[in-house]
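**Q** Quick one: structure below, then a few questions.
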Amino acid sequence: MSTPLNTELVRIQPWADDDLSLLRLLNAPVMMEQLGGPETEEQLLARHERYVNKDGQQTSKMFSIVLLPDHTPVGSIGYWDRIWQGENVYEVGWSVLPPFQGKGIASAALALLITRIKQERRHKFIHAYPSVDNPASNAICRKLGFTLQSECVFEYPPGSFMRSNDWRLEVASVHFPIEKVREQLPM
């Protein structure tokens, strides 16, 4: 088991041009196993351009997850608009590199992201769709107060289908300060 990290050292920062090397690490076969496999270089570059968001669209925002004080990039997290069952919602997703998994980093990063989303209040609900075969991501949703709605078939990437859990969090019901979340994480 990994040694828990002091999660006060976890930060999310807007995705930048120099995060392409991190995206290449996150595209490794072991990281993409439940997401349809690694992308081609062309697909990866296109995704990086969307993440950088040079056109300033407000329907999605991606962040790198970094550890302080050295600003070590360890993963990605973000949110985007989606229509789910006829309703406009936020969808969230995250990925943390294997050496940094199991230390509370993804939970801390998601708590920070939820705080940002809460400030927007464009949609009532946040959804996450981790694979039913991903106990760690499902545990993160549970830990942060998401409610399991149902199992569903989810298409990601286009043309690839997986069994996922539909977790939902009502944005208006999110009242936790990040410090409270950090108190609940393993230290």
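A short reminder: the numbers here are calculations on the coordinates, not readings from a lab. Predicted model, so just to flag it, every value in this text is computed and none were measured. Quick reminder, even Gly has a Cβ in these numbers, built from the backbone with ideal geometry, and neighbours come from all protein chains shown.
**Q** How about Lys124: which aspartates and glutamates have a C-alpha closer than 12 Å to its C-alpha, ignoring those fewer than 8 places off in the same chain?
**A** In chain and number order, the partners are Asp81, Glu87, Glu91, Glu170.
**Q** Give the cross-link partners of Lys103 among the aspartates and glutamates, using a straight C-alpha distance below 18 Å as the criterion and excluding same-chain residues fewer than 8 apart.
**A** The qualifying aspartates and glutamates are Glu8, Asp70, Glu179, Glu183.
**Q** Could you please state, rounded to a whole Å, how far the C-alpha centre of segment 68-110 is from the C-alpha centre of segment 128-146?
**A** Using only Cα atoms, the two centres lie 11 Å from each other.
**Q** On to the next question. Give me the percent of Cα-Cα pairs in segment 72-118 that sit more than 12 Å apart, rounded to a whole number. If you can, show how the numbers build up before the last one.
**A** Numbers: 701 of 1081 pairs.
Here the long-distance tail beyond 12 Å is 65 percent of all Cα pairs in segment 72-118.
**Q** Would you list Leu113, Leu148, Leu23 from fewest to most Cβ contacts within 10 Å?
**A** In order of increasing Cβ crowding within 10 Å: Leu148, Leu23, Leu113.
**Q** I've got another one for you. How do His48, His127, His71 rank when sorted from fewest to most other Cβ atoms within 10 Å of their own Cβ?
**A** Fewest-to-most ranking of His48, His127, His71: His71, His48, His127.
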